[in-house]
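Colleague: Below is the structure I would like to discuss, written out as structure tokens.
What follows is calculated from the coordinates using simple rules that are stated; it is not laboratory data. Note that the structure is predicted; figures quoted are calculated from it, not measured. Cβ: placed from backbone, ideal geometry, glycine included. Neighbour counts: every protein chain shown.
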Amino acid sequence: MAITLQTKTGEFKLDSDDASETLLFRGLSAGLSLPYECATGTCGTCRARVMSGDVEMAWPEAPGASRLKRDKGDILLCQSHAKGECVLRVPSDVHSGDRAAAPHRINGRLEGLKKLTSDVVDFEVALEQPVAFAAGQFMVVTAPGLTGGRAYSMVNYAPETDRIRFVVKRKPGGGFSNWLFADQAEGAGISLFGPLGTATLRPGEDGDLVCITGGSGIAGIMSILDHATKAGHFSSNKGWLYFGVRTLADGFYLKELAGLVEKSGGALQVILALSDEAAPAASHPDYPSIQLHEGFVHEVAARGVKDFCGDLNERTIGFVAGPPPMVDGAIRVLLSEAKLPPSRIRYDKFS
Ligand SMILES: Cc1cc2nc3c(=O)[nH]c(=O)nc-3n(C[C@H](O)[C@H](O)[C@H](O)COP(=O)(O)OP(=O)(O)OC[C@H]3O[C@@H](n4cnc5c(N)ncnc54)[C@H](O)[C@@H]3O)c2cc1C
Ligand code: FES
């Protein structure tokens, strides 16, 4: 069942027969650099056009499909399955890479589920085989009885590991997040596809780090800061983390963050921004190395960045993750206050 992809950089054939995987995952696991961002139907980046053959979109109402020209045969690769031979046009540069290092499907068991705040849990997944990933990457997770995949960024970092950690914020009415809160998820078998994503700190990369995030957006940034600290990044670079939550009681991973500040010798600063209450003091009552400020995280970051932007080195990298409006606001801060070029800003929109 041949699948032909016509791209701006030539034609590629997919040889795997696994029709249960989406076209995006089949292409990525074959080592092709197909375009994607969310990999879960919300952003529209993976648009392609069916030139011939039968392709089915599993979730036609996906938010990312709203701007598709369906009458012309447009589909989302991350939501579509081939029903037989087909030819697809992908309007992007695509390259063929190392298949052995490509994202792939892995099974695992959910363990150690614990509540961090009233609406945030974290858990580990014990994987059937070890996986290598870059700090800041994510996996698409599917759970029993739930339609479609959900993207979650790894919290931990290790060059290769058979245990990965995720943190999830409860979304009202949300399928996966409410399953986690329903007390039946511990020990469940789940399936993952990855690692995915390019909002990463690359091995050996140098530069100051300015991170702006809110809620469970801290996930991939924990991995980045953990990796940076272990790699000695802060012996020659500085770092700032702006972490937005509603109230002091909504803060989590604060002990871990205070530990990172200490290991960095003070080169990393952590600022907790409280959007729904006044900061009771200049620093956290239990973790004095964590500064407290009142306001939405991108506003607090805008005020802070003004003070230190003159000290940033020219290799500075901005990392942003969280809900789309927060990400858009934070990117504006990095562009206009920190004066970072767009090429040095990496982000994940948790749409
Ligand atoms: C790159 C990336 C990284 C993310 N990392 C994190 C993280 O570390 N922590 C965190 O809390 N959140 C993260 N998110 C958000 C997360 O993926 C979920 O959107 C969120 O947890 C809500 O999931 P839910 O199942 O509770 O809500 P739901 O509203 O049930 O589902 C939300 C998402 O699931 C998918 N979906 C829903 N229904 C279908 C269907 N019928 N078919 C196919 N797909 C469907 C869609 O992508 C939808 O947007 C991330 C998102 C992205 C894009
Ligand atoms: S990558 Fe397919 S819609 Fe985002």
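Colleague: For segment 307-329 and segment 102-134, compute the distance between their C-alpha centroids and round to whole Å.
Modeller: Using only Cα atoms to place each centre, the spacing works out to 27 Å.
Colleague: What's the local net charge at K115, with K and R +1, D and E -1, over the other residues with C-beta under 13 Å away? Before the final figure, lay out each step's value.
Modeller: Numbers: positive: K114, K169, R170; negative: D119, D122, D183, E186, D250.
Summing Lys/Arg as +1 and Asp/Glu as -1 gives -2.
Colleague: Still on this structure, I have one more. If each residue's Cβ is checked for other Cβ atoms within 10 Å, how do L312, L272 rank with the fewest at the top?
Modeller: Values: L312 20, L272 24.
So the residues, fewest neighbours to most, are L312, L272.
Colleague: Can you sort M154, M326, M1 from fewest to most other Cβ atoms within 10 Å of each residue's own Cβ?
Modeller: Arranged by neighbour count, lowest to highest, M154, M326, M1 become M1, M326, M154.
Colleague: If I model a spin label at L335 and E11 as a point 7 Å from the Cα along the Cα→Cβ vector, what separation in nanometres do I get?
Modeller: 3.9
Colleague: Shifting gears a bit: So, by mean Cβ neighbours within 10 angstrom, what's the order for 218-229, 180-191, 285-296 with the highest one leading?
Modeller: Sorting 218-229, 180-191, 285-296 by mean packing, highest first, produces 218-229, 285-296, 180-191.
Colleague: Based solely on its DSSP helices, what 222 nm [θ] is calculated for the chain when runs of n ≥ 4 H residues each add -39,500 (n - 2.57) and the sum is averaged over all residues, nearest 500 deg cm²/dmol?
Modeller: -5000 deg cm²/dmol
Colleague: Express the relative contact order of segment 3-90 as a whole percentage, based on alpha carbon pairs under 8 Å and six or more residues apart in sequence.
Modeller: Contact order relative to length: 39 percent.
Colleague: List the DSSP H helices in the chain whose Cα atoms stretch 15 Å or more along the helix axis and whose mean Kyte-Doolittle hydropathy is at least 0.5.
Modeller: Membrane-span-like by this rule: 218-230, 324-336.
Colleague: Using DSSP to define loop residues, name the chymotrypsin sites (Phe, Trp or Tyr not before Pro) in segment 1-87 whose beta-carbon has at most 10 other beta-carbon atoms within 10 Å.
Modeller: none
Colleague: I need the per residue convex hull volume for segment 103-196, using only the alpha carbons, in cubic angstrom as a whole number.
Modeller: 88
Colleague: Sticking with this structure for a sec: Just need the relative contact order of the chain here, percent rounded to a whole number, with Cα pairs under 8 Å and 6+ apart.
Modeller: On the way: 795 pairs, mean separation 47.2, N = 351.
Value for the chain: 13 percent.
Colleague: No solvent, one uniform scatterer per C-alpha: report log10 I(q)/I(0) for the chain via the Debye equation at q = 0.08 1/Å, two decimals.
Modeller: Computed log10 I(q)/I(0) values: -0.40.
Colleague: Would you mind counting up the charge near E205? Only other residues with Cβ under 12 Å from its Cβ, with Lys and Arg at +1 and Asp and Glu at -1.
Modeller: Taking every other residue near E205 into account, the sum is +2.
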